[in-house]
1. Of A:VAL186, A:VAL88, A:VAL151, which is the most mobile in a GNM of chain A whose springs link Cα atoms less than 10 angstrom apart?
2. Output the peptides A:155-167, A:199-211, B:97-109 sorted from most to least packed, where packing is the average of other Cβ atoms within 10 Å over each peptide's residues.
3. Taking the alpha-carbon set of region A:27-121, what are its Rg and Dmax in Å?
4. In region A:111-204, with Lys and Arg counted as +1 and Asp and Glu as -1 at Cβ, which of these residues, A:THR115, A:VAL152, A:PRO180, has the Cα nearest the positive end of the dipole, that is, farthest along it?
5. Which entries in the list A:LYS6/A:LYS219; A:LYS102/B:LYS79; A:LYS102/A:LYS228 go over 32 Å, if you measure between the two C-alpha atoms of each?
6. For the modelled label position 7 Å from the Cα of A:VAL123 along Cα-to-Cβ, which residues of region A:170-191 have backbone nitrogen atoms closer than 18 Å?
7. I need the helices of chain A that pass two filters: whole DSSP H segments spanning 18 Å or more by Cα along the axis, and mean Kyte-Doolittle score no lower than 0.0.
8. Okay, helix-only estimate at 222 nm for the protein assembly as shown: each DSSP H run of n ≥ 4 adds -39500 (n - 2.57), divide by all residues, round to 500 deg cm²/dmol; what do you get?
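Bear in mind these aren't lab numbers, they're just calculated from the coordinates by the rules spelled out. Not measured: the values here are computed from a predicted model. Note that each Cβ is placed from the backbone with ideal geometry, even for glycine, and that neighbours are counted across all protein chains shown.
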Amino acid sequence: MRVLVKRSTAFQEFEVPRHPSQTVLDVVTYIQRKLDPTLAYRYACRVGMCGSCAMTVNGAPRWTCRTHVDRVLKNNELTIGPLRNLPVIRDLVTDMREFFDKWARAKGRFEGARTRRDDFEKVSPRTKHREAADAGIECIGCAVCYSACDVVAANPAYLGPAALNRAWTLLNDVREKENPERLRAVAGDAGCHACHTHMDCTERCPKHISPTAAIAGLKRATTKAALKGKL
Amino acid sequence: MTQTLLWLAQRVTAAILAVCVAVHLATITYAVQGGLTAAEILGRTRGNTAWLVFYSVFVVAAAIHAPIGLRSVLGEWLKWRGIWREVFLVFFAYTLLWLGLQAVIGVFA
């Protein structure tokens with residue numbers, strides 16, 4: 001197959017042999033090991049857990065380690081580039097600092113109300129809050145949603161789908177201390193109210209999470225708080 | 001807080017506008033059946049308090065709704081985000097309100 005790889009400003013063309021069950025990450029690894037050792041890319045686990053190998057494949061952001069070539073190959077051709085909406089360090093490697101800084105800005109850190117001397121909190125998986133948290137908890141931080149989001153592209157301050165999804169799971173975590181700062185952090189022009197509900201994040205999330213649903217939840221929660229004068 | 005309330009105001013006015021626009025379009029479709037004349041329109045609206053209230057609500061809802069939407073458009077497409085954007089939008093809102101209410105009063109009085 002013909003593979004076009006984005007190298008800073010231009011695309012470089014490679015010819016890569018096809019194999020059964022070949023992933024896009026296999027293709028990039030083949031190029032780096034056999035054809036051009038100067039190619040920079042990032043990966044770690046190869047099994048869809050670490051969230052480090054996301055790239056733009058034939059125009060759409062994807063986790064490359066779990067994307068089979070069969071599914072994305074068009075006219076025997078693959079185009080591979082770095083994720084959108086993030087600064088490129090080199091070739092296929094993006095700088096993810098801003099992406100994770102936004103998690104911190106959305107107060108994405110768990111702060112429990114109990115200490116290590118307390119007993120475990122018993123949380124029923126069947127409660128409304130736990131089900132809402134569970135729906136978003138499997139995020140691996142791959143930034144595919146962030147790269148797919150047009151609002152991030154248009155509004156650089158926007159926290160993005162992943163950070164807001166994280167805030168929503170914590171808001172629904174009954175073990176958390178009450179944190180009014182978090183609601184303030186996720187409201188407004190940089191927060192959930194900037195979302196236009198395009199649903200590109202939900203469409204692209206490799207873990208089938210719906211950040212759009214989380215953001216809608218945050219809109220409800222922040223509106224309720226605002227009406228009570230607690231925002 | 002302010003931005004959350006702006007968002008809420010936009011949603012509430014959207015719900016009002018959905019009804020208003022539907023009624024407005026249905027009325028137009030019905031009213032043009034026998035041709036369209038100024039006399040016919042004024043005959044329907046002049047001195048009619050129900051239409052006065054309806055179109056006043058319509059105008060107020062539009063004057064609130066449109067500037068909030070335009071705020072995002074200006075921010076995202078023109079990167080215009082400072083205080084002057086807000087000043088412009090307040091001016092825009094009052095312009096819509098003034099022009100709209102002029103028209104409403106014009107066909108009522």
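1. Of A:VAL186, A:VAL88, A:VAL151, the Gaussian network model singles out A:VAL88 as fluctuating most.
2. Packing proxy ranking, top to bottom: A:155-167, A:199-211, B:97-109.
3. 18.1, 61
4. Selected residue: A:THR115.
5. Pairs exceeding the cut-off: A:LYS6/A:LYS219.
6. A:170-180, A:182-183
7. For chain A, where a helix must reach 18 Å along its axis and average at least 0.0, the hits are A:211-227.
8. Helices in the protein assembly as shown give a 222 nm mean residue ellipticity of -16000 deg cm²/dmol.
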